Amino acid sequence: MSPSETDSTEEPDEATAPSVPEPVPEPAPEPARALSFDRAAAQYAASRPGYPPALLDAVEELAGRPLHGARIADVGAGTGIATRLLHDRGAHVVAVEPGPGMAAELHRALPHTPIVRGDGNRLPLATASVDLLTYAQSWHWTDPSRSVPEVLRVLRPGGALALWWNVSDHRVPWIAEQDARLRSFLGAGDSAHGSAVRSRDLPSALGFAHRSVSWTRCVSLDTHLANLGSHSAFIVRGDESTRRFLARERDLLAVPFPDGTVEESYVVELSVAVRPVRPASAMRG
C-alpha cells in the first residue's frame, strides 16, 4: 500500500496560497525526455510509489518549520503524488508542472489545488512568495545555472528548498539483480531505479543537509511492472521494446513472488537547503 497522511486541512484561499503573477508565462522549452511523461500520465498516477510520513517529518526538521500553514510551491509536480501529501499536512500548495497531460491528471486528483504551467528554470511565481520549494523526483530536469537563481528569487528569506528522490534499495538481492538487467537493457548510465542523491548535480551555492528515509510498499506484479514502464527511459524507447523487456521481467519475478505480490524497498534521498536571511545577490557571486 502507498503511504498516506491522515491529517486534513481546509482548501487554501487567495490570502494564503503562494502568489502567482498574471499573466502566467509559458514554460521554458525542455528536453523531449522531460516531457515524455505526458504519454504515460495515467500509468504514472496509478503505479508510481508515494512517500512515507517520515519523509515529511524530515523535511520539517531540516527546513526548521512545520509544513502546516506554509506556502509551498511543488515544482515538477507531475500527477500530484507529493502535492497531495503536502496538502494533507496542512500546507497551502500551488503545483508547478510543464506537461499538459500530467497537469490534467493532477487536476483530476486534486481539483481544488492551484496549478500553473511552468518549470524550475523559469518559475511562474512572485518574488519572495513561498516558504518552501519542493522538487519531488524533478530537480534533475532543471538547468542549475537557471534554476538556482529562480530558487533564490522565489524563496522568502529563511525559506527552504527541498529535493528528494525515491531510490530502489539495492541492498535487497532481487532489486540489485533487476537493476543490473535494467542497466544492461537501457544503458550503463540509466535505470528505472533512480540513483543516490549525492551523485546528482546539487548546486554548490547552496548548503544542503541530507537525510535518507527507508520504506517499503507491497503492490501487485502488474503495478510493479507498470511503475517501471512509466519511467522516461522506457517511454522514449517505444512500446514494443518496453513490452518485451517487461514480459521477461514478469517471468523472472514470478519466481521470488509466486503469489503475484511484490515488496518494493526504497530509500528516499532528501536534500534540504535553507535560504539565509540576506540578499539573494550576495549568494550568486
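On the basis of the beta-carbon distance and an R0 of 22 Å, THR127 and ALA54 show a calculated FRET efficiency of 0.10. Label separation (SER184 vs GLU61): 4.0 nm, computed from points 7 Å beyond Cα along the C-beta direction. Of the peptides 110-118, 173-181, the ranking by mean beta-carbon count within 10 Å, highest at the top, reads 110-118, 173-181. I need the shape label for region 62-138. Rule: rounded when a/c is under 1.5, else prolate if a/b > b/c, else oblate, with a, b, c from the alpha carbon gyration tensor. Oblate, since a/c reaches 1.5 and b/c is not below a/b. Most tightly packed first, judged by the mean number of other beta-carbon atoms within 10 Å of their residues, the peptides 247-259, 158-170 read 158-170, 247-259. For region 102-190, pairs of C-alpha atoms spaced more than 21 angstrom apart make up 50 percent of the total. On a per residue basis, region 148-256 carries 44 Å² of accessible surface, using protein heavy atoms and a 1.4 Å probe.
Using r as the Cβ-Cβ distance of HIS112 and ALA247, and R0 as 41 Å, what FRET efficiency do you calculate, to the nearest 0.05? The computed FRET efficiency comes out at 0.55. For region 87-175, the carbon plus sulfur part of the accessible surface works out to 56%, probe radius 1.4 Å. Treating r as the C-beta distance of PHE257 and ASP143 and R0 as 41 Å, the FRET efficiency rounds to 0.55. Here the spin labels are modelled as points 7 Å beyond Cα on the Cα-Cβ line, and at CYS218 and ASP169 they lie 1.5 nm apart.
The values are calculated or read from the model by the stated rules, or taken from the named source; none is laboratory data. Just so it is clear, the model here is predicted, and its values are computed rather than measured. FYI the Cβ positions are ideal-geometry reconstructions off the backbone, even for glycines, and counts take in every protein chain you see. Note: accessible area is taken over every heavy atom of the protein model, side chains too, but ligands, DNA and RNA are not part of it. Shrake-Rupley method; radii C 1.70, N 1.55, O 1.52, S 1.80 Å.
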